[in-house]
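Here the structure comes first, spelled out in structure tokens, and everything after it is commentary.
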Amino acid sequence: MARTYSLVALLDVLAYRNHLKADRSSGTETFKTKLESALSVLTSINETELSYQAISDTIIVAANPSTALTDFISTIAEVQRSFLQSGLLIRGGIAFEQHFRSGNLTYSHALAVAYELEQRQAIYPRVVIDKGVIEMLRTGSRFTIDDARRLQSERLICVQSEIHFVNFIAGKVDDCYGMAKNI
């Protein structure tokens with residue numbers, strides 16, 4: 001059986017336990033409502049291109065192997081903005097590695113890499129992109145020149161201290177700043 005490699009993002013909802021604790025002590029489901037609102041951005045995606053699942057404080061977004069990197073990064077940026085708009089912060093990682101999912105079974109090197117990025121490099125609310133993805137983009141070994149051009153023209157990737165991450169505020173700085181300030 002052939003190995004399938006995919007772009008995969010693992011996203012972590014920050015302060016999950018604190019939000020649950022607040023709901024429990026207040027007898028409300030405010031946090032649940034915020035999660036549903038934030039995740040609603042994914043309800044209109046084409047599931048032949050992208051799939052997602054949300055379990056507890058983790059959201060996993062996986063791309064079909066033919067999905068353009070720019071489309072995937074754009075979707076992750078939309079998810080980040082949606083969570084911000086709902087008053088929630090997320091951080092995570094993106095990797096391109098072996099990924100298999102069928103029913104309840106998920107076997108994924110991509111998830112393991114994305115988890116490591118989330119834990120070690122996405123120290124604050126950002127989604128870090130694995131160096132392997134950046135290298136494949138630079139060399140043209142996996143992603144197209146059109147992807148590279150679109151990523152650059154849409155300013156979808158930032159770099160700080162040699163760490164690449166999704167620029168979810170591109171073109172929306174004032175809105176995102178206001179929402180983050182409210183949090």
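The values are calculated or read from the model by the stated rules, or taken from the named source; none is laboratory data. No experiment lies behind these values; they were computed from the predicted model shown. Glycine gets a Cβ as well: all are built from the backbone with ideal geometry, and neighbour counts include every protein chain shown. Note: accessible area is taken over every heavy atom of the protein model, side chains too, but ligands, DNA and RNA are not part of it. Shrake-Rupley method; radii C 1.70, N 1.55, O 1.52, S 1.80 Å.
Numerical summary
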item	result
Top-ranked residue in segment 55-64 [being part of a strand (DSSP E or B) and surrounded by fewer than 20 Cβ atoms within 10 Å (Cβ to Cβ); ranked as modelled with the highest pLDDT]	58
Options 143, 96: the member that is open to solvent by less than 80 Å² (accessible area, probe 1.4 Å) and part of a strand (DSSP E or B)	96
Per-region count, segment 146-156, residues under 15 Å from residue 77 (Cβ atoms), part of a helix (DSSP H, G or I) and either of a type in the set (Gly, Ala, Ser) or touching a residue at least 60 places away in the same chain (Cβ under 8 Å) (or both)	4
Test for residue 6: is it open to solvent by 70 Å² or more (accessible area, probe 1.4 Å) and either under 27 Å from residue 130 (Cα atoms) or in a loop (DSSP other than H, G, I, E, B) (or both)	no
Test result for residue 67, part of a loop (DSSP other than H, G, I, E, B) and either buried (at least 17 other Cβ atoms within 10 Å of the Cβ) or not polar (S, T, N, Q) (or both)	yes
Selected residue (only one of 85, 80, 121 is farther than 16 Å from residue 5 by Cβ, touching a residue at least 12 places away in the same chain (Cβ under 8 Å), of a type outside the set (Ser, Thr, Tyr) and surrounded by 22 or more Cβ atoms within 10 Å (Cβ to Cβ))	80
Selected residue (criterion: surrounded by the fewest Cβ atoms within 10 Å (Cβ to Cβ)) from residues of segment 162-181 that are small (Gly, Ala, Ser) and not in a loop (DSSP other than H, G, I, E, B)	178
Options 113, 159, 133; residue that is without any contact (Cβ under 8 Å) to a residue 12 or more places away in the chain and either under 18 Å from residue 8 (Cα atoms) or in a strand (DSSP E or B) (or both)	159
Condition met for residue 24 (open to solvent by 40 Å² or more (accessible area, probe 1.4 Å), closer than 15 Å to residue 166 by Cβ and either assigned to a helix (DSSP H, G or I) or among the acidic types (Asp, Glu) (or both))	no
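For (1) assigned to a helix (DSSP H, G or I); (2) modelled with pLDDT under 95, each residue gets a yes or a no:
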residue: 2; (1), (2): no, yes
residue: 10; (1), (2): no, no
residue: 34; (1), (2): yes, no
residue: 47; (1), (2): no, yes
residue: 53; (1), (2): no, yes
